[in-house]
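These notes concern the structure reproduced below.
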Amino acid sequence: MTVAVKVENLSKKYRINHVVGSQPRSIREAVGQKLGSLLPFGRQSAHGLDATGATKSVEDFYALRDVSFEIKEGERIAIIGGNGAGKSTLLKILSRITEPSSGTVAIRGKVSSLLEVGTGFHPELTGRENIFLNGAILGMPRAEILRKFDEIVDFSGVEKFIDTPVKFYSSGMYVRLAFSVSAWLDPDILIVDEVLSVGDQAFQKRCMERMKELTSSGRTVLFVSHSMAAVKSMCEKALYLKKGEVVAFSAVDDVAVSYTRTISEEAGESAWHKPTFSLPDPEIDVQIDCADYIECMGGMIADQNGAPTAHLDIDKPFSIVLRYRIKRAVPYRVVPNFHFYDEAGGRVFISFPETPAMSEVGDYEVVCHIDPFQFNNGRFSVMPALSSYEMENPLHFALFNALRFEVHEPNNSDPRRHGWGGGLPGVSRPRLKWDCTRL
């Protein structure tokens, strides 16, 4: 497969000036200090002091440092990382807006970029005129722009305002038209920054579908988003940047996990694994609609021998245990329910018992049994809850982030891999029945 983008040892350095000391308190002082610095007697002294007595220093800041990767034609690549990671700088270099300080960038084909609201638009021109302007910038013949004009306008949904100067557009209209121009004028490489978050959900979904259409026809898409759900649904691989350096560049599920765990560690959160809980617990977000009848006493994750653990083998059963006390007889059905979440916060599934639990006064324990291979490798959390759905306020309690566990796969535990040694995507690994018949 042909390489669309090749980046080798790419670095971008900025020089930052620091001034410590006397700062201007008015426009008059600021102008005076600036004029003074231009005069011979106002130049900085050998001791780093300027005419105002302020100390000046210079620092080299690397927005990117020794970044290398390859992207092939037809790939959808996510670029993820926190604020200041270097994502926008990288996209500006790939879009030829900014020059690198060192390293090389080789790009095959036309690049269309959507880096911020109104990229490439002239505010005084109408939407129609900006479509032709952007097409000309991309090197498109006028006849080809005319041929695709109706598709662009229809996709953007701004036909009513197409002959209005874009300076009067809302930010959402700006983005819809800008993306439509970028995506319908046949770029070889489409670069899209977080700007799509300005649009509504329906338009975001259409944009995702359009980007998938482009890659299916051999185009390449680079997509930046802080939404791990959008990244996972859109991209096959991800480039994870941190402080201007590459942390990982591999399958999107693996990189998303690495990124999420780094965020948790940097936020100072406690250790992930949590096999037991009791209340009160400052880590648990407790929600209660009705406190009149039931109180929670605690719970745990138990292995096949009943011992508490947060480290589980994929081929062994385990259970979730919840204990509670009914203080007053409940005149409604009492329904335990366990909510399972993946590491990114997406709900995997909810489990209910076949019959309601008892509702008389007393102490109770409910156990949810989970068979092997119900979860894939990875980290998960459990929200135990107790509800009576006939009540006006049905929630006796729900305990967010009460239990957390990790599923591991021992070597050779799954013969259904049939020799495949890599990771398997998804959050679930159900062992479904198959039939294979020779006809």
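Residues that are open to solvent by 30 Å² or more (accessible area, probe 1.4 Å) and farther than 15 Å from residue 400 by Cβ: does region 280-290 have at least one? Scanning region 280-290 turns up no residue that is open to solvent by 30 Å² or more (accessible area, probe 1.4 Å) and farther than 15 Å from residue 400 by Cβ. If the condition is being of a type in the set (A, V, I, L, M, F, W, C) and under 30 Å from the mean Cα position of the chain (by Cα), then region 140-165 contributes 152, 153, 155, 158.
Within the set 419, 345, the sole residue that is over 21 Å from residue 304 (Cβ atoms) and not assigned by the TED database to the domain that holds residue 311 turns out to be 419. Taken as a whole, region 130-146 holds at least one residue that is at pLDDT below 90, assigned by the TED database to the domain that holds residue 214 and of a type in the set (Lys, Arg). For residue 158, indicate whether it is within 26 Å of residue 78 (Cα to Cα), in contact with a helix residue (DSSP H, G or I) (Cβ under 9 Å, 6 or more places away or on another chain) and either in the same structural domain as residue 85 (by the TED database) or among the aliphatic types (A, V, I, L, M) (or both). Answer is no for this residue. Note on region 212-251: residues that are open to solvent by less than 10 Å² (accessible area, probe 1.4 Å) and aliphatic (A, V, I, L, M) amount to 9. A search for C-beta distances below 9 Å between a residue of region 308-332 that is over 21 Å from residue 350 (Cα atoms) and any residue that is open to solvent by 50 Å² or more (accessible area, probe 1.4 Å) and among the polar types (S, T, N, Q), counting only pairs 6+ apart in sequence or on different chains, returns 308/276.
Counting only helices (runs of 4 or more DSSP H) that sit wholly inside region 103-211, those with at least 1 residues that are open to solvent by less than 20 Å² (accessible area, probe 1.4 Å) and in contact with a strand residue (DSSP E or B) (Cβ under 6 Å, 6 or more places away or on another chain) are 171-184. Across region 92-100, not a single residue is classified as assigned to a helix (DSSP H, G or I), within 20 Å of residue 78 (Cα to Cα) and either polar (S, T, N, Q) or at pLDDT below 80 (or both).
The values are calculated or read from the model by the stated rules, or taken from the named source; none is laboratory data. The model shown is predicted, which means the values in this text are computed figures rather than measured ones. Please note: Cβ atoms are built from the backbone with ideal geometry, for glycine as well, and neighbour counts cover all protein chains shown. Note: areas computed on protein heavy atoms with side chains; ligands, DNA, RNA excluded. Shrake-Rupley method; radii C 1.70, N 1.55, O 1.52, S 1.80 Å.
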